[in-house]
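Everything below concerns the one structure shown next.
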Amino acid sequence: MIIEMAQKPDITSFEFEWFVYRKGSLHAHVQLDRNLLTWHDSAQWCNNFTQTLSDRQADELVALIHQSGLTDDGHEPGLATDDQALSAEGISWQITVQTGARSRRVQGSGPIPDRYLPLKEKIEQISHTCLIL
């Protein structure tokens with residue numbers, strides 16, 4: 001699962017954001033060039049924190065970003081298409097990957113697509129906090 005260290009500098013940071021209508025948002029920002037994870041919970045001010053990442057954790061996150069296709073130029077986010085179901089749930093999400101001066105963003109409504117779940121789960125494991133409002 002761990003990729004070569006030569007690929008690590010390609011991705012300098014990424015953000016995983018999850019919004020639930022009338023409940024708030026969760027925002028995980030990972031600075032891979034500094035090995036830092038910053039967590040912001042709009043519903044609970046006492047659930048905001050910054051923590052350091054080990055090199056292994058940072059490498060695992062980079063590997064999951066590459067595996068999800070977020071760094072591929074031809075990547076399509078694979079959004080759900082049932083507009084009524086999506087608007088009824090009131091859930092939206094967004095992932096932004098920063099590679100040097102270039103930024104790539106995918107976003108959608110409804111449940112997070114399966115291709116991004118391993119990345120979401122790794123963030124939850126590292127932070128000991130669930131991306132659920």
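Figures for the structure shown
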read-out: Restricting the range 92-133 to residues that are hydrophobic (A, V, I, L, M, F, W, C) and closer than 16 Å to HIS66 by Cβ, the residue that is surrounded by the fewest Cβ atoms within 10 Å (Cβ to Cβ); value: LEU117
read-out: Yes/no for ALA101 being farther than 16 Å from TRP18 by Cα and modelled with pLDDT under 90; value: yes
read-out: The range 15-50, subset surrounded by fewer than 15 Cβ atoms within 10 Å (Cβ to Cβ) and hydroxyl-bearing (Ser, Thr, Tyr), residue farthest from THR71 (Cα to Cα); value: TYR21
read-out: Search result, residues across the range 51-90 that are surrounded by 12 or more Cβ atoms within 10 Å (Cβ to Cβ), at pLDDT 90 or above and touching a Leu at 6+ places or on another chain (Cβ under 8 Å); value: GLN51, LEU53, ALA58, LEU61, VAL62, LEU64, ILE65, SER68
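The values are calculated or read from the model by the stated rules, or taken from the named source; none is laboratory data. Only a predicted model underlies this, so the values are computations on that prediction, with no experimental measurement involved. Ideal geometry is used to build each Cβ from the backbone, glycine not excepted, and the neighbour counts take in all protein chains shown.
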